[in-house]
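Worksheet: one structure, shown below.
Nothing in this text is a laboratory measurement; each read-out follows from the coordinates by a stated rule. This one's a predicted model, so the numbers in the text were calculated from it and none came from an experiment. Positions of Cβ are backbone-derived with ideal geometry, glycine not excepted, and every protein chain shown enters the neighbour counts.
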Amino acid sequence: MYAVEVIGLSHFYPDGTQALKDVNLTVQEGTKIAILGPNGSGKSTLFYHLNGLFLPQNGKVIIKGEEITKKNIDWVRRCVGLVFQDSDDQLFAPTVYDDIAFGPRNLGLPEHEVEKRVKNALEMFGIKEYEKRNPDNLSGGEKKKAAVAGVLVMEPNVLVFDEPTAGLDPSSTVDIIEIMDELNTEGKSIIISTHDVDMASTWADEIYLLKKGEVYSSGKPEEIFGNMKALRQTKLTFPTIIKTHREFEAHNIYEKREHLPFSILDLVDNINAKADENGGSIWVAAIPGMKQGGVGAVEPDKLKKVFDINPDRIGAMGTSAKASVRMLGIHCDFESDIVNSSLSEAVMGKTVIILASGNMADLVIEKVNQNNEQNNRKIRCEKLHWDL
């Protein structure tokens with residue numbers, strides 16, 4: 001059973017404009033999907049159908065096996081959480097706390113359960129100090145976190161983000177991407193629309209290209225960004241790394257490679273064209289994630305023992321992991337592109353510790369092992385076993 005299935009969906013606006021034309025899309029449980037396309041390609045209109053803001057005029061939208069109708073719209077909106085591109089369209093209450101609490105209260109949950117969900121969300125997104133502030137007085141990144149928190153407290157299975165990083169500074173962009181990754185490792189399906197091809201190419205499991213309301217192409221990132229015709233037809237550019245790679249091939253800096261690079265480390269490997277016989281170590285400390293109570297479940301004195309191995313570099317990945325290092329006053333060498341940054345250090349023989357929230361720890365180990373296999377490396381990567 002798919003988390004989301006769209007079958008033959010078409011939509012006309014009152015002025016006769018056709019926004020969607022026979023759109024077909026499937027989202028497997030627990031996957032990350034990116035929808036790319038120029039302005040006016042139908043991305044937002046498609047998203048409004050996924051949680052019932054728009055009902056299909058033609059075609060079907062099926063959520064976890066149930067077709068969306070007027071009768072099950074409340075259930076659909078509990079299953080599918082939609083985060084608007086402009087947070088101001090979503091935040092309306094006088095305080096951040098009341099905004100996040102609106103959904104659970106509307107469900108009729110008891111106030112103690114509402115308070116529990118809101119407090120957890122505030123802590124998770126690092127905005128606890130803003131709970132009594134008016135959302136209008138927050139920065140763009142803080143507003144986005146509050147908007148996501150307001151959706152997440154409804155405990156949806158599918159999260160839909162319309163341009164999640166639009167207008168955000170680099171730090172806030174990293175935070176939002178990691179929040180989406182962490183939610184995905186907790187089993188949630190994530191669907192985003194974006195113009196950011198660099199982010200989509202490294203983040204998504206599958207990409208759909210829309211053009212004038214139709215699905216022009218779909219596939220894995222390497223299939224999409226290896227298709228020059230499709231990118232040109234949908235007015236998209238190559239990600240920076242792939243663009244550089246193509247220039248290197250054109251100027252004979254290296255011969256044509258079988259696999260496209262999606263990181264700087266991949267690009268460097270292509271240039272070096274040799275295996276790393278030895279490497280450093282990457283140790284991963286799993287910090288309790290969203291489902292395990294987050295940073296509140298961490299005992300500071302026990303957490304400090306993680307650093308007894310005296311690492312050369314420290315990274316933090318995920319909301320509770322970053323909150324933990326802030327709590328201890330520990331400086332992180334990197335808080336974005338964690339796995340590739342750690343691999344780059346380990347290739348040079350360094351010892352790295354990554355604090356990773358919840359199931360993100362297993363994701364780190366999986367990615368490092370894949371890189372070892374692809375590049376014949378021997379970088380040691382293990383989870384630190386420590387008693388919380």
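So here's what we get for this one:
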| quantity | calculated |
| --- | --- |
| Value in Å of the Kirkwood radius, where the chain supplies the Cα pairs that are averaged | 22.3 Å |
| Whichever lysines have a C-alpha closer than 17 Å to that of LYS378, once near sequence neighbours (fewer than 8 apart) are set aside | LYS274, LYS350, LYS367 |
| Extension gain from GLN28 to GLN233, taking 0.36 nm per residue of separation minus the Cα-Cα distance | 71.1 nm |
| Integer Hz, Karplus 6.51/-1.76/1.60 couplings in order for region 304-312, x for Gly and Pro | 4, 5, 4, 8, 5, 7, 6, x, 6 |
| Efficiency of FRET from Cβ geometry, ASP198 and TYR254, R₀ 25 Å, rounded to 0.05 | 0.70 |
| Normalised contact order of region 4-233, rounded percent, pairs of Cα under 8 Å and 6 or more residues apart | 28 percent |
| Sorted by Cβ neighbour density within 10 Å, fewest at the top, the residues ILE353, ILE309, ILE176 | ILE309, ILE176, ILE353 |
| Separation in nanometres of the label points that stand 7 Å from Cα toward Cβ, at LYS116 and THR351 | 4.1 nm |
| Mean Cβ neighbour count within 10 Å, used as a protection proxy, ranking 31-39, 188-196 highest first | 188-196, 31-39 |
| Length-normalised contact order of region 109-185 in % [C-alpha pairs under 8 Å, at least 6 apart] | 28 percent |
| Gaussian network model of the chain, springs between alpha carbon atoms under 10 Å - residue of ALA200, ALA323, ALA250 with greatest fluctuation | ALA250 |
| Neighbour-count order for TYR254, TYR130, TYR208, fewest beta carbons within 10 angstrom listed first | TYR254, TYR130, TYR208 |
| Per-residue Cβ neighbour rank within 10 angstrom, fewest leading, PHE248, PHE12 | PHE12, PHE248 |
| Values of log10 I(q)/I(0), in the order q = 0.07, 0.11 Å⁻¹, for region 4-233 under a Debye, Cα-only, solvent-free model | -0.22, -0.55 |
| The chain: most fluctuating residue of GLY52, GLY329, GLY126 per GNM, C-alpha cutoff 10 Å | GLY329 |
| Sequence-separation-based contact order of the chain, relative, with Cα cut under 8 Å and 6+ spacing, percent | 17 percent |
| Estimated dipole of the chain in Debye, rounded to 20 [Cβ of Lys and Arg +1, of Asp and Glu -1, Cα centre] | 420 debye |
